[in-house]
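Notes follow the structure.
The values are calculated or read from the model by the stated rules, or taken from the named source; none is laboratory data. What you are looking at is a predicted structure, and each value in this text was computed from that prediction instead of being measured. Positions of Cβ are backbone-derived with ideal geometry, glycine not excepted, and every protein chain shown enters the neighbour counts.
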């Protein structure tokens, strides 16, 4: 299968999509697709901090991440968020980032332990 590079004007406008799914009474899964880049990190961090105690992030359809996104994912995992369907290259990068963060106690992981909104919506979609 041959892959073609998108013209630059399309690459610049591509974004990520987040589908919020509530499973059972207390598990929220954020299904992310597309690209997660530094411009999305603060908004994603805000969404994560609003969620209930049990949270998972499904990365099955993520096509690209940058270092800021990996730092956020590593922080989330450190704080108890499950990373599901994580592509191998992202898993390896998150693992390295977590090891580096643990080696630098002067730079603690930003974010909070799970806590926040409890909302039984079945699906909400955010795009950015």
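Observations
- Residues within segment 46-85 that are part of a helix (DSSP H, G or I) and over 19 Å from residue 95 (Cα atoms), tallied: 4
- Checking residue 25 against (1) surrounded by fewer than 21 Cβ atoms within 10 Å (Cβ to Cβ); (2) in contact (Cβ under 8 Å) with a residue 24 or more places away in the chain; (3) within 13 Å of the chain's Cα centre (by Cα), the condition it does not meet: (3)
Listed here are the residues, each with its yes/no results for (1) over 10 Å from the mean Cα position of the chain (by Cα); (2) at pLDDT below 90; (3) surrounded by fewer than 17 Cβ atoms within 10 Å (Cβ to Cβ); (4) closer than 17 Å to residue 15 by Cα.
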residue	(1), (2), (3), (4)
43	yes, yes, yes, yes
49	yes, yes, yes, no
55	yes, no, no, no
62	no, no, no, yes
77	no, no, no, no
81	no, no, no, no
89	yes, no, yes, no
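- Residue within segment 102-112 that is modelled with pLDDT of 95 or more and in contact with a helix residue (DSSP H, G or I) (Cβ under 6 Å, 6 or more places away or on another chain) present: no
- Neighbours by Cβ (under 8 Å, 6+ apart or cross-chain): first from segment 50-72, touching a residue at least 40 places away in the same chain (Cβ under 8 Å); second surrounded by fewer than 21 Cβ atoms within 10 Å (Cβ to Cβ) and in a helix (DSSP H, G or I): 62/90
- Residue check for residue 17: in contact with a strand residue (DSSP E or B) (Cβ under 6 Å, 6 or more places away or on another chain), surrounded by fewer than 16 Cβ atoms within 10 Å (Cβ to Cβ) and either part of a strand (DSSP E or B) or at pLDDT 90 or above (or both): yes
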